[in-house]
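J.: The structure is given below, and queries will be raised subsequently.
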Amino acid sequence: MEYPFIEIEKKWQKIWEEKKIFAAQDKSNKEKKYILSMFPYPSGDLHMGHISNYSIGDALTRFYLQSGYNVMQPMGYDSFGMPAENFAIQHNSHPKITTEENISKMKKQLTSMGFGLDWSRELSTCRPDYYRWGQWLFKKMYEKGLVYKKKSFVNWCPDCATVLANEQVEEGGCWRCGTTVVQKELEQWFAKITDYAEELLDTSDLLDWPAKVKLMQKNWIGRSTGVTIDFIYGEQKLPVFTTRPDTIFGVTFMAIAPEHPLTQSFLQAEGEDSQLYKFCQKVMNQDNSQRTAEDKEKEGIFTGRHCINPVNGEKVEIWITNYVLMDYGTGAVMAVPAHDIRDFLFAKKYQIAIKVVVQNEEKNLDANTMQEAFIEDGTMVNSAQFDQMGNRQCLEQIADWIDQQGYGKKSINYKLRDWGLSRQRYWGNPIPVVYCEKCGTQLVPDEQLPVLLPDDIQIGKTKQNPLLSATEWQKTTCPKCGGAATRETDTMDTFVDSSWYFARYCDAHNQQAPFSKDKANYWLPVDQYIGGIEHAVLHLLYARFFHKFMRDIGLVDCNEPFSRLLTQGMVCMQSYKCPKDGYLFPQDAIIEGKSATCALCGSPVTIGSIEKMSKSKKNVVNPNDYLQRYGADTLRTFVLFASPPEKDVDWNDKAVGGAFRFLNRVYKVFVKNKKFLEQDYTPAGDISAEYKELRYSSHYTIKKAIGYVREKMQFNTAIAAVMEHLNNLYAASSPTTDAEKALYKEAHILIPQIIYPFAPHLCEEIWEMIGKHKLLHDSGLPSYDEKFLVKNDITFVIQVMGKIRAQLETTKNTPKEEIIAEAKEIANVKKFLAGKTIIKEIVVPGKLVNFVVR
RNA sequence: GCGAGAGUGGUGAAAUUGGUAAACGCACUGGAUUUAGGAUCCAGCGAGCUAUGCUCUUGGGGGUUCAAGUCCCCCCUCUCGCACCA
């Protein structure tokens, strides 16, 4: 017999919708909890990652409702962007249409999973009522000087035909399609995230973020302290940043990037036929991944020019090299071959002088004989007044001296770059800017917001931004002079849309502002955010930046958007690749032992690694199959039971049946004892030892399961505890006295109360079945009594020299001496004590006895 | 190279934080019931042995302790992140 999950789930989903129990109140005398799962791109299909993510969020939502909080769990869609645009192109439609279609499909699936989402706050980033406020925020940033337009070299994905932020380049490829990213010089909008670098490093308000994510952000921001030293080139200054001012006397050449302004002036002087020009062209034509490859040979060319080291007036050769990057520091490096690995290799290759300024302990470092750079600490030499000092000790002193003498300035450098916001794509939020020939760059006035995306547009015809051909749309008037003006055709990175959506949920339909301050201050920060680790230095960093900006313009009071973060593990699966058919769905690979053949063409298949499920790898499983076969409760229980939430799971559907069996067993015991459970029992009469055990099991399960959920979000062990209790309940014989009946009933009803967050439909059903009138989310959590957790009969473990030799059944109040005496009488213990002297007797109360013998 | 994390049965994983390693589930094996079962129930399930018991076992090797999966030191392997960062 299978429990009728289809009817049950439909029934309760309807009831929840009608009663609107997940519509959160914006004010409440209850404490608030804001539970948020990262909103999805509306592909039209929920995948296992979503199921896992939202099952966690919903378990917490329902658990906190039970605990008496005012809980908000909203849902929306990250619906702008390339995938949506491409989807529409493929389906020969318009993203506006396909996106809404996909959204309604997804909403249906989310509902059929029984997720308790507050649909009254639903948002979609591509709807004008949302993106209007994105434009408004952009304007605020502009007014504050936090966005600017600049011509520079940017990452360009030729396939997506758009610019990418630094954070969106992974191993030299586009984070989305993997195409090798090239550098292109373009005029682009940037957001000054670097203004917040220092504050973003402060993670003290991130209460429960994984250390890994905090560290990744820290490394990404890449703060280093040092000195910017102005070398002198004629009348000009040539600033360099260094973290090693202690080696300033060891500089033997200057290495600058081909993109450096000084290089550009040299090139103008030398002309296009020069060696210098050719070298620079060669280097600059390489894409970044090639240029920064680990094994890349260091190359350079002497410019024939020199600059002056300000501290000692020495003439220093200026070289253009391929290993100095324009976008870090000043694009110029003071090279100290004796004490830097790269500089050493370069100096050796081009026979440039090497000068030792930090001597090793053996005092045998010699510029002529050294085989590698000496990068450890030592004693300063050849460094004027600093000689004989420890280099590490006088680092600060030298920095101060350089600063005071005016040779340079103590400074801090960040690896973090400003966030490139412009995208040369149609399906995104238009940047609310117009260009007037007379007045220049002008913001679109508030009353004209939103700048609507034009609908009548051809997409997918060329790789060019479709907005460039929307000439009518581009034509507008200048808000300042009223003359003719042209609209900006770049749209915003979709990460802008997702950088503030958590705040919009607090007041999703506000027409006057992005959200009201009161409501935002009530709900924010998000108490528990759940999402994938892949956003560690993308969304999670951008959102923190945006939030701080919103705080600074007075929209919110708190410092951080997400106080707790759970990075949920990925759902992974084996991938198979056929030489002819490419990636295969698992069902298309016939596996025999360790080899596999393609079911489509019969060729041998390579069994790939276990990878995150993705459509492109064709290793996805469709949640709908499981939904139909086992129902939402089983699927939810299964994904939560499979492993702790932050861990990756390799999909294995065999275990789904286990979750189903468990829920079936729960249902069955309630159906069987329905009549019994409808009545109340006053505890009177004797309680057998067996029933005392059952009582212990009930109270222990409540404590353990609730503790696991609240303290650790370890749903797998919480479910395991209930499974164990259910086994105990099945094993119990029928109650005889009223006291036992009360305990028997207690042992039943805690089950739906505890597993409600995981299998809510089933639990509501059996809750109703036993005559409860309130819904479960509103019925509180079961409580336990410590006094029933103290066992009267205790099993002591008896060890001799730390090895278990016997077990001793005893009662709670047996004195220590008696336990020891009894333990010594056990045959097997006697055997190991024979002929030995006991030198120590260790008794761990309620647990074990250990005899130390000689 | 730098940084972080992980390594426990056939398998997913537990272990009250130093106190009976492998709870709970899956798979498997046997049995019961059944026309049948991809249903249900019962039992078994780390390895080995001279088997009422003993020995070994949490990647490997040392150490601390009466007692170590857990603490300390060394090594190995894997995963992830960053990577010419001046």
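The values are calculated or read from the model by the stated rules, or taken from the named source; none is laboratory data. Values in this document were obtained by computation on a predicted structure and should not be read as measured data. So basically every Cβ, Gly included, is an ideal-geometry build from the backbone, and we count neighbours across all protein chains shown. In case anyone asks, the SASA skips ligands and DNA or RNA and just uses the protein heavy atoms, side chains included. Shrake-Rupley method; radii C 1.70, N 1.55, O 1.52, S 1.80 Å.
J.: How much length, in nm to one decimal, is gained on full extension between A:Lys363 and A:Ser265, taken as 0.36 nm per residue of separation minus their Cα-Cα distance?
T.: Difference between extended and current length: 31.0 nm.
J.: Okay, next question. Run the accessible area of the range A:309-465 with a 1.4 Å probe and give the carbon-and-sulfur part as a rounded percent. Numbers along the way, then the final one.
T.: On the way: 3680 of 7740 Å².
Summing carbon and sulfur atoms, their accessible area is 48 percent of the total for the range A:309-465.
J.: I'd like the FRET efficiency for A:Tyr435 and A:Gln90, computed as 1/(1 + (r/R0)^6) with the beta carbon distance as r and R0 of 45 Å, rounded to 0.05.
T.: On the way: r = 34 Å, r/R0 = 0.75.
Rounded to the nearest 0.05, the efficiency is 0.85.
J.: If you don't mind, another one. Once ligands and nucleic acids are excluded and a 1.4 Å probe is used, how much of A:Arg223 is accessible, expressed in Å² to the nearest 10?
T.: 100 Å²
J.: Let me ask something else about it. Give me the angle, in degrees from 0 to 90, between the Cα long axis of helix A:632-642 and the longest principal axis of the Cα atoms of chain A, rounded to the nearest 10.
T.: For A:632-642 against chain A, the angle is about 70 degrees.
J.: If you don't mind, another one. Considering only protein heavy atoms, what per residue accessible area in square angstrom results for the range A:718-854 with a 1.4 angstrom probe? Show your work: numbers first, answer last.
T.: Details: 6800 Å² over 137 residues.
It amounts to 50 Å² per residue over the range A:718-854.
J.: Would you calculate the convex hull of the Cα atoms in the range A:387-530 and tell me its volume per residue in Å³?
T.: On the way: hull volume 41.6 nm³, N = 144.
Output value, Cα hull per residue: 289 Å³.
J.: Another question about this same structure. Using only Cα atoms and rounding to the nearest 10 degrees, what angle (0 to 90) does helix A:128-143 make with the longest principal axis of chain A?
T.: It works out to around 40 degrees.
J.: Using θ = phi - 60° and the Karplus curve 6.51 cos²θ - 1.76 cosθ + 1.60, what whole-Hz ³J(HN,Hα) does each residue of the range A:38-44 get, with Gly and Pro shown as x?
T.: 3, 6, x, 6, x, 6, x
J.: Something else now. Residue farthest toward the positive end of the dipole of the range A:543-606, with Cβ of Lys/Arg at +1 and Asp/Glu at -1: which of A:Cys598, A:Tyr583, A:Ile553?
T.: After comparing all options, I get A:Ile553.
J.: Separate question: Can you figure out the FRET efficiency of A:Lys475 with A:Asp45, using R₀ = 41 Å and their beta-carbon distance, to the nearest 0.05?
T.: So the FRET efficiency works out to roughly 0.55.
J.: Can you tell me the order of A:456-465, A:35-44 when each peptide is scored by its average per-residue count of other Cβ atoms within 10 angstrom, highest first?
T.: Details: A:456-465: 12.8, A:35-44: 22.2.
Taking the mean over residues of other Cβ atoms within 10 Å, the ranking is A:35-44, A:456-465.
J.: Can you return the lysines within cross-link range of A:Lys415? Criterion is Cα-Cα under 18 Å, with same-chain partners fewer than 8 residues away left out.
T.: A:Lys192, A:Lys214, A:Lys218
J.: Something else: State, to one decimal in nm, how far the label point of A:Asn510 lies from the label point of A:Tyr328, with both points 7 Å from Cα in the Cβ direction.
T.: 4.1 nm
J.: Next up: Hey, can you rank A:751-758, A:348-355, A:812-819 by average C-beta count inside 10 Å, highest first?
T.: Numbers: A:751-758: 24.9, A:348-355: 15.1, A:812-819: 11.4.
Put in order of decreasing packing, that is A:751-758, A:348-355, A:812-819.
J.: Quick one: pull the percent of accessible area on the range A:584-640 belonging to carbon and sulfur, 1.4 Å probe, ligands and nucleic acids left out.
T.: On the way: 1600 of 2940 Å².
Carbon plus sulfur share of accessible area: 54 percent.
J.: What FRET efficiency, computed as 1/(1 + (r/R0)^6) with R0 = 30 Å and r the Cβ-Cβ distance, is obtained for A:Asn624 and A:Cys601, rounded to the nearest 0.05? Display every interim value, and only then the final one.
T.: On the way: r = 28 Å, r/R0 = 0.93.
After rounding to 0.05, the efficiency reads 0.60.
J.: Report the gain in length on full extension from A:Ile826 to A:Lys410: 0.36 nm times residue separation, minus Cα-Cα distance, nm rounded to one decimal.
T.: Values: separation 416, 0.36 × 416 = 149.76 nm, distance 7.64 nm.
Taking 0.36 nm per residue and subtracting the Cα distance, the gain is 142.1 nm.
J.: Now, a different point. Find the relative contact order for chain A and round it to a whole percent, using C-alpha pairs within less than 8 Å whose residues are 6+ positions apart.
T.: Working: 1540 pairs, mean separation 111.7, N = 854.
After rounding, I find 13 percent.
J.: Right, another one. For the range A:96-204, treating each Cα as an identical point scatterer without solvent, what Debye log10 I(q)/I(0) comes out at q = 0.14, 0.15, 0.20, 0.21 1/Å?
T.: Listed by q, the Debye log ratios stand at -0.94, -1.02, -1.13, -1.12.
J.: Based on alpha-carbon atoms only, what is the radius of gyration of the range A:143-266 relative to the globular estimate 2.2 N^0.38 Å? Please report the intermediate quantities before stating the final value.
T.: Working: Rg = 18.6 Å, N = 124, 2.2 N^0.38 = 13.7 Å.
After normalising by residue count via 2.2 N^0.38 Å, the value is 1.35.
J.: Roughly what would the spin-label model give for A:Ala655 and A:Ile341, points 7 Å off Cα along C-beta, in nm?
T.: 4.1 nm
J.: Still on this model: Enter the Cα centre distance for the pair the range A:440-481 and the range A:202-279, rounded to the nearest angstrom.
T.: 38 Å
J.: Let me ask you something else. Sequence-distant or interchain residues sharing an amide H contact under 5 Å with A:Cys126, placed H: which?
T.: Answer set, sorted by chain and number: A:Ser79, A:Phe80.
J.: Modelled label-to-label distance, A:Lys218 and A:Asn521, 7 Å Cα→beta-carbon offset: nm?
T.: 3.3 nm
J.: To the nearest 20 Debye, how big is the dipole of the range A:383-510 about its Cα centre, given +1 on the beta carbon of each Lys and Arg and -1 on that of each Asp and Glu?
T.: Values: 14 positive and 16 negative charges, 70 e Å.
Taking the Cα centre of the range A:383-510 as origin, the dipole is about 340 debye.
J.: Separate question: Add +1 for every Lys or Arg and -1 for every Asp or Glu among the other residues with Cβ under 14 Å from the Cβ of A:Glu611, and state the total. If you can, show how the numbers build up before the last one.
T.: Numbers: positive: A:Lys577, A:Lys612, A:Lys615, A:Lys617, A:Lys618; negative: A:Glu534, A:Asp648, A:Asp650.
Local net charge: +2.
J.: Here's a follow-up. If you take the square roots of the eigenvalues of the alpha-carbon gyration tensor of the range A:716-854 and sort them as a ≥ b ≥ c, do you get rounded (a/c under 1.5), prolate (a/b over b/c) or oblate?
T.: On the way: a/c = 3.59, a/b = 2.86, b/c = 1.25.
It is prolate, given that a/c is not under 1.5 and a/b is the larger ratio.
J.: Within the range A:734-770, list the residues whose amide N lies under 13 Å from a label point set 7 Å along Cα→Cβ of A:Glu678.
T.: Answer for the range A:734-770: A:768-770.
J.: I've got another one for you. Between 0 and 90 degrees, rounded to the nearest ten: what's the tilt of helix A:760-769 against the longest Cα principal axis of chain A?
T.: 20 degrees
J.: With +1 on each Lys and Arg Cβ and -1 on each Asp and Glu Cβ, how big is the dipole of chain A about its Cα centre, in debye rounded to the nearest 20? It would help to have the intermediate numbers written out before the result.
T.: Working: 104 positive and 107 negative charges, 355 e Å.
The calculated dipole for chain A is roughly 1700 debye.
J.: Less than 17 Å apart at the alpha-carbon level, and either on another chain or at least 8 residues along: which lysines does that give for A:Lys355?
T.: A:Lys315, A:Lys363
J.: Counting helices only, and only those DSSP H runs with n ≥ 4, report the 222 nm mean residue ellipticity of chain A as the sum of -39,500 (n - 2.57) divided by its residues, in deg cm²/dmol to the nearest 500.
T.: Per the formula, -10500 deg cm²/dmol.
J.: A:Thr736 label point, 7 Å along Cα→Cβ, cut-off 17 Å on backbone N: hits in the range A:681-719?
T.: A:684-695, by backbone N distance to the label point.
J.: I would also like to ask the following. Need the C-alpha centroid separation for the range A:501-555 versus the range A:59-125, integer Å.
T.: Centre-to-centre distance over Cα atoms comes out at 18 Å.
J.: Here is a follow-up. Across every pair of different alpha-carbon atoms, what Kirkwood hydrodynamic radius in Å does chain A reach? Write out the running numbers ahead of the final one.
T.: Working: mean 1/r = 0.0309 Å⁻¹.
Averaging 1/r across every pair of different Cα atoms and inverting gives 32.4 Å.
J.: Then there is this: Relative to the present Cα-Cα distance, how much length would full extension add between A:Arg551 and A:Gln25 at 0.36 nm per residue of separation?
T.: That pair, A:Arg551 and A:Gln25, stretches by 187.0 nm at full extension.
J.: Send over a whole-number figure in Å² for the accessible area per residue of the range A:192-326, probe 1.4 Å. Before the final figure, lay out each step's value.
T.: Working: 6300 Å² over 135 residues.
Solvent-accessible surface per residue comes out at 47 Å².
J.: Once amide H atoms are placed 1.01 Å from N in the peptide plane, what residues at a sequence separation of 5 or more from A:Asn619, or on another chain, have their amide H within under 5 Å of its amide H?
T.: A:Ser614
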